[in-house]
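What follows is a single structure, written as structure tokens, with notes after it.
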Amino acid sequence: MSLPELTETTSPSHVELPGSRGEHFLQCALETSDRARRFYEDQVLDHLNPAMVEFVERMEMAFISTADADGECDASLRCGAAGFLRVLDPRTIVYPEYRGNGVMASLGNIMENPHVGMLMVDFAEELIGLHVNGAARMAELEEFADLLDGEVDRRVERWVVVTVREAYVHCRKHIPRMVPVDRVRHWGTDDARRKGGDFFGVKAGREDS
């Protein structure tokens, strides 16, 4: 099926609904508007309800999506022991930024464009996911110093604070089941081997060329 170009005139206006102009346009073009509206009405909140709060606080990883001012995107992974994602209230999540490779791709994007998307998935038990979209900002270590505890947290360099604007379920039907295995984690290490080294051979390839 050939779709017309998305323009101001072809895009329907659904100010009262969550989501983008593009998704509402495609819902009309592909005749999924009724299904989409039911999902918005039944599943999308502008805050975290108690079940979502419990879910976030037991997660050990979150996929983070950001984009710069020009819309160039980046997807990253943040991990930690259960509880590293802190829910301060139904509209606020805080997570730590540990010492990394120094590139600051996600934080650099957030400086230019605060829009952020988070996806948390339970691969082990419930096989369900949670999307959280909102606005992010960086915070200095001292702002949430009371959240620091233990040996690992000494490597926290700053925080990311996410103001929740949308929260909704990610359906379970295609989520694979995975079994967690104990491992030693070297948080904040600069050891090349423990970080993964030149796993994809980029450095070696450049040296050989």
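Taking a ≥ b ≥ c as the square roots of the eigenvalues of the Cα gyration tensor of segment 46-194, is the shape rounded (a/c under 1.5), prolate (a/b larger than b/c) or oblate?
rounded
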Can you pull out the trypsin sites (Lys or Arg not before Pro) in segment 49-119 that DSSP calls coil and that have at most 14 other Cβ atoms within 10 Å?
Arg99
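For the chain, with all protein chains present and a 1.4 Å probe, just round the carbon and sulfur fraction of the accessible area to a whole percent. Each step should come with its number before you reach the end.
On the way: 7060 of 13480 Å².
Whole-percent figure for carbon plus sulfur exposure: 52.
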Cα shape, segment 46-93, gyration tensor, a/c 1.5 rule:
oblate
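For the chain, which span is the longest to avoid every loop-located (per DSSP) member of chymotrypsin sites (Phe, Trp or Tyr not before Pro) having at most 13 other Cβ atoms inside 10 Å? Walk me through the intermediate numbers first.
Details: sites that count: Phe199, Phe200.
The answer is 1-198.
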Under 5 Å between amide H atoms, partner at least 5 residues away or on a different chain: which partners does His170 have, H built in plane at 1.01 Å?
Gly129, Leu130, His131
Which part of segment 177-206 falls in the paramagnetic zone of Glu125, meaning amide N under 13 Å from the point 7 Å along Cα-to-beta-carbon?
180
The chain - percent relative contact order, Cα under 8 Å, separation 6 or more:
19 percent
Output for segment 15-119: GluC sites (Glu not before Pro) sitting in coil per DSSP, at most 12 other Cβ within 10 Å, listed by number, reads Glu16, Glu31, Glu72
Computed accessible area, Ser209, all protein chains, 1.4 angstrom probe, square angstrom:
120 Å²
The answer for Met104, listing residues at least 5 apart or on another chain whose modeled amide H is closer than 5 Å to its amide H, is none
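Return the loop-located trypsin sites (Lys or Arg not before Pro) in segment 164-209 (DSSP other than H, G, I, E, B) with at most 14 other Cβ atoms within 10 Å of their own Cβ; answer none if there are none.
Arg172, Lys173, Arg177, Arg183, Arg185
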Which shape class, rounded, prolate or oblate, goes with segment 157-209 when its Cα gyration tensor gives a ≥ b ≥ c as root eigenvalues, a/c under 1.5 marks rounded, and past that a/b bigger than b/c marks prolate?
prolate
Report ³J(HN,Hα) in whole Hz for each residue of segment 190-200, in order, from the Karplus equation J = 6.51 cos²θ - 1.76 cosθ + 1.60 where θ = phi - 60°; Gly and Pro get x.
9, 5, 4, 5, 5, 7, x, x, 9, 4, 8
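The values are calculated or read from the model by the stated rules, or taken from the named source; none is laboratory data. From a predicted model like this one, the values you see are computed outputs, not experimental measurements. Glycine also receives a Cβ, built like all others from the backbone with ideal geometry; neighbour counts cover every protein chain displayed. For the accessible areas, the whole protein counts, side chains as well, though only heavy atoms, and no ligand, DNA or RNA atoms are used. Shrake-Rupley method; radii C 1.70, N 1.55, O 1.52, S 1.80 Å.
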